[in-house]
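What follows is a single structure, written as structure tokens, with notes after it.
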Amino acid sequence: MNFMNKTIFIFNLFLGLNFIIAQNKDVRKSLKKENLIVYDSINIQTKKNISLTLSLIYNNFGSEPKSTILINTIYADVNNVVLGKSFAKNGYAVVILNTRGKYLSNNILDPFEHEAEDINEAINWIIKQPWSDGKVGMIGHSYSGFSQWAATKRLHPALKTIIPQAAVAPGIDFPMRNNMFFTYILSWLNRVSNHKMTDNADFNNGKKWYSIYKKWYESGVSFRKLDSISGKPNAIFQKWLDHPSYDSYWKTMIPYKDDFSNIDIPVLTTTGYYDADQLGALYYLKEHYSYNKNAEHYMVIGPYDHQSVDRMIKTSFRGYTIDPAARIDFEQLYLEWFNYVLKNKEKPALLKDKINYQLMGSNEWKSKSSISDLDRDGMKWFFNHEKDVFLLTAKPDKKSFSRLTVDLKDRSDSNELLNLKYNIVDKEIYLKNNLIFTTAPFDQSFDFSGQFSGELNFSVNKRDVDLYFSLYEKTVDNKYFLLSTCVTRASYAKNREQRNLLALGKKESIPIQNSEFVSKRIKKGSRLILMIGITKSPFWQINYGTGGDISNETIKDAQDPVDLKIYGNSYINIPLDID
């Protein structure tokens, strides 16, 4: 009995597994030509009567046991087997696990809730197979990145390393960012929950979803009615809205505080300056090092968006052309990492130190031993104004304040908001519902690397307010280069786990934090531009400031316009990259 037939015999005889031939014949033919063996769907029933669907792919040469690369995905698709092709061709077995409730699983889909348990079940299955050498590594992008951290919450002894790419952190950056929900989550939920596979056609129907966001925004109904407006109520959406704080519901999904101290396996995190889930990736990194000082955790970050770190580098996007040095081969990097950990090969050459980042505008990579090294030096800029000019200055003016008034009832701007381009490099920026603070031109260039932070001292005529901060470099040729952004719900700014409402019209102080990490050389003659605005958009939940459940507030709660005063002792700190 040859190795492959023996494997099939053991699967069926001892584990009672049902095999389903891959539905895409072209994919199977292509993989067969490359001497790769594929089993598209392996159904496992756990002791708790949970149904899980796996796919298996590996090289047909040799019968020696192999280390396994495990990919957990919520995006069920018969073509997912190609995700593991490069690893299988390089001597690994690859197992793709579909999230509970997807593909052939007859259970209910509950995104983010069961990965810690189900991944361990898959690993238990893997290490019992004759082709397994007992070592497992994980890789995956976005939701699949999250699932690797979920697995570390109950770390299996056979799990030797993870490569979370642009990893989502539920409750941190999705489905809410800094406690603010956004409308995109409903289209995403439909993508994964419309049926057992992945409804990309519905998800990619931008015209449909923009019309839904617009209808909700213009109607002024509560955020909780968004799914009803779409014509398809969604129980998961409603459940998420019931958890606006970072409470026990979210904490059970991924490691929390001391849980990180037990994660003693090597980790390679990849993300981008313009990755929508960068904050999730940074959350894991910082918490890991906070609770495990000796963690072997590396990060690679550069001028990439959410998709680029998943092997698909874009040479240009949103008006920006990346430096040639940034155009690395992620697929090769990931293979080298697995070889380093699972086969005792050399560490990837790109990893000069723990934090590896591409300095935009310099065509070079830099590295630091810790992300905290990038917070030690900085420039502090205070928010001041002279007449109608708003300035970032080196000294505070405690007596002055800048005023911003926004009418939350006004929805005449829906079309222009929906059509904003959000370019990285542009000739203009959006100037409504915000204040623009600017520095004087710099007399020499400098390197900005890290996350801007600061303190906002303010008063407002509401019990709560949602704010956004966008930081730009304005070059001598009057172009705006988007550096970093952050959003914050004032009532959660000090503690994402506990809401603290504002006192009407009284001076308050909150931290400016959780901005996006960026590294760029700021040119001589440029200025820094800070935009501070009140969030009112078809893309975001609207906080009317009553102090009640924001998901239940409506335009009737808007009443008087938001009257925000920003005092002159408010500031931001710009991290300087000094060798």
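Decide, for the chain, between rounded, prolate and oblate: order the square roots of the alpha carbon gyration tensor eigenvalues as a ≥ b ≥ c, take rounded if a/c falls under 1.5, and otherwise choose prolate if a/b is larger than b/c, else oblate.
Numbers: a/c = 2.15, a/b = 1.57, b/c = 1.37.
Prolate, since a/c reaches 1.5 and a/b exceeds b/c.
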Using a 1.4 Å probe and ignoring any ligands, DNA or RNA, find the accessible area of Asp388 and quote it in Å² to the nearest 10. 140 Å²
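Note down the relative contact order for the chain as a percent, whole number, built from C-alpha pairs under 8 angstrom at least six residues apart.
It rounds to 13 percent for the chain.
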Measure off, as a whole percent, the carbon and sulfur share of the 1.4 Å-probe accessible area of region 103-219, all protein chains present. 51 percent
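Output the pairs from Lys314/Lys494; Lys214/Lys479; Lys196/Lys251; Lys380/Lys494 with a Cα-Cα distance over 25 Å in this structure; if there are none, say none. Mind showing how you got there, number by number?
On the way: Lys314/Lys494 37 Å; Lys214/Lys479 30 Å; Lys196/Lys251 27 Å; Lys380/Lys494 20 Å.
Table pairs above 25 Å Cα-Cα are Lys314/Lys494; Lys214/Lys479; Lys196/Lys251.
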Which shape class, rounded, prolate or oblate, goes with region 84-199 when its Cα gyration tensor gives a ≥ b ≥ c as root eigenvalues, a/c under 1.5 marks rounded, and past that a/b bigger than b/c marks prolate? prolate
Of the options Asn106, Thr161, Ile96, report the single residue whose Cα projects farthest towards the positive end of the charge dipole of region 46-169 (beta-carbon charges: Lys, Arg +1; Asp, Glu -1). Thr161
Once phi is turned into ³J(HN,Hα) by the Karplus curve 6.51 cos²θ - 1.76 cosθ + 1.60 with θ = phi - 60°, what whole-Hz value does each residue of region 365-377 show in order, with x for glycine and proline? 9, 10, 8, 9, 7, 8, 5, 5, 4, 8, 10, 7, 10
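What FRET efficiency comes out for the pair Ser63/Glu117, r = Cβ-Cβ distance, R0 = 30 Å, nearest 0.05?
Values: r = 32 Å, r/R0 = 1.08.
The computed FRET efficiency comes out at 0.40.
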Largest-first ordering by accessible area, 1.4 Å probe, given options Arg318, Arg403: Arg403, Arg318
Treating cross-link reach as a plain straight distance, find the lysines whose alpha-carbon is under 20 Å from the alpha-carbon of Lys366, omitting any fewer than eight places away in the same chain. Lys286, Lys347, Lys352, Lys354, Lys520, Lys523
How much accessible surface area, in Å² rounded to 10, belongs to the heavy atoms of Arg177 with a 1.4 Å probe? 40 Å²
List the lysines whose alpha-carbon lies under 24 Å from that of Lys33, not counting same-chain residues fewer than 8 positions away? Lys6, Lys25, Lys66, Lys85, Lys89
Leaving ligands, DNA and RNA out of it, work out the accessible area of Glu428 with a 1.4 Å probe and give it in Å² to the nearest 10. 130 Å²
Packing rank of 370-382, 75-87, where each peptide gets the mean count of other beta carbons within 10 Å, highest leading: 75-87, 370-382
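To the nearest 20 debye, what charge dipole does region 529-579 have about its Cα centre, counting +1 at the Cβ of each Lys and Arg and -1 at the Cβ of each Asp and Glu? Don't jump to the answer; show the numbers that get you there.
Working: 3 positive and 7 negative charges, 38 e Å.
It works out to roughly 180 debye.
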Heavy-atom accessible area with a 1.4 angstrom probe orders His306, His288, most exposed first, as His306, His288
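How much length is gained on full extension from Asp375 to Leu420, taking 0.36 nm per residue of separation minus their Cα-Cα distance? Could you put the intermediate results ahead of the total?
Numbers: separation 45, 0.36 × 45 = 16.20 nm, distance 3.23 nm.
Between Asp375 and Leu420, full extension yields 13.0 nm more.
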Here, Gln238 and Arg327, labelled 7 Å along Cα→Cβ, have an inter-label distance in nm of 5.1 nm
If a/c stays under 1.5 just call it rounded; otherwise compare a/b with b/c (prolate if a/b is bigger, oblate if not). Do that for region 294-419, with a ≥ b ≥ c from the square roots of the Cα gyration tensor eigenvalues. prolate
Please identify the chymotrypsin sites (Phe, Trp or Tyr not before Pro) of region 436-545 that satisfy two criteria: DSSP loop assignment and at most 12 other Cβ atoms within 10 Å. Which are they? none
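Tell me, in nm to one decimal, what length is gained between Leu504 and Asn200 on full extension, where the rule is 0.36 nm per residue of separation less the Cα-Cα distance?
Details: separation 304, 0.36 × 304 = 109.44 nm, distance 4.55 nm.
Length difference between fully extended and current span is 104.9 nm.
Divide by every residue of the chain the summed helix terms, -39500 (n - 2.57) for each DSSP H run of at least 4, and state the resulting mean residue ellipticity at 222 nm, rounded to the nearest 500 deg cm²/dmol.
On the way: 14 runs with 125 residues, N = 579.
Computed mean residue ellipticity for the chain: -6000 deg cm²/dmol.
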For Ala349 and Thr405, extending 7 Å from Cα along the Cα-Cβ vector and measuring point to point gives, in nm, a value of 6.2 nm
Rounding to the nearest 20 debye, state how big the charge dipole of region 72-197 is about its Cα centre with +1 on each Lys and Arg Cβ and -1 on each Asp and Glu Cβ. 260 debye
Dipole of the chain [Lys/Arg +1, Asp/Glu -1 at C-beta], most positive-end residue of Gln541, Asn433, Asn49: Asn49
For Thr46, Thr315, the accessible-area ranking with a 1.4 Å probe, largest leading, is Thr315, Thr46
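Using a 1.4 Å probe, what is the accessible area per residue for the chain, in Å²? Don't skip to the end; give the middle numbers.
Details: 23440 Å² over 579 residues.
Heavy-atom SASA per residue in the chain reads 40 Å².
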Ignoring ligands, DNA and RNA, what percent of the 1.4 Å accessible area of region 231-307 is carbon and sulfur? 50 percent
Reachable aspartates and glutamates, given that their alpha-carbon falls under 17 Å from the alpha-carbon of Lys368 and they are not under 8 places away in the same chain: Glu296, Asp353, Asp377, Asp447, Asp577, Asp579
Looking at region 32-131, send over the antiparallel percent of its DSSP beta bridges, to the nearest 5. 65 percent
Hey, quick one: spin label on Lys48, modelled 7 Å out along Cα-Cβ, who in region 154-182 has an amide N within reach, i.e. under 14 Å? 154
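Just how large is the dipole of the chain about the Cα centre, in debye to the nearest 20, putting +1 at every Lys and Arg Cβ and -1 at every Asp and Glu Cβ?
Numbers: 74 positive and 64 negative charges, 107 e Å.
The calculation lands at about 520 debye.
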Give me the percent of accessible area attributable to carbon and sulfur for region 324-405, probe 1.4 angstrom. 46 percent
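The values are calculated or read from the model by the stated rules, or taken from the named source; none is laboratory data. Since we're looking at a predicted model, the values are computed, not measured. Don't worry about glycine lacking a Cβ; one is built from the backbone with ideal geometry, like all the others, and counts go over all protein chains shown. The protein model used for the area step is the full one, side chains on, heavy atoms only, and it has no ligands, DNA or RNA in it. Shrake-Rupley method; radii C 1.70, N 1.55, O 1.52, S 1.80 Å.
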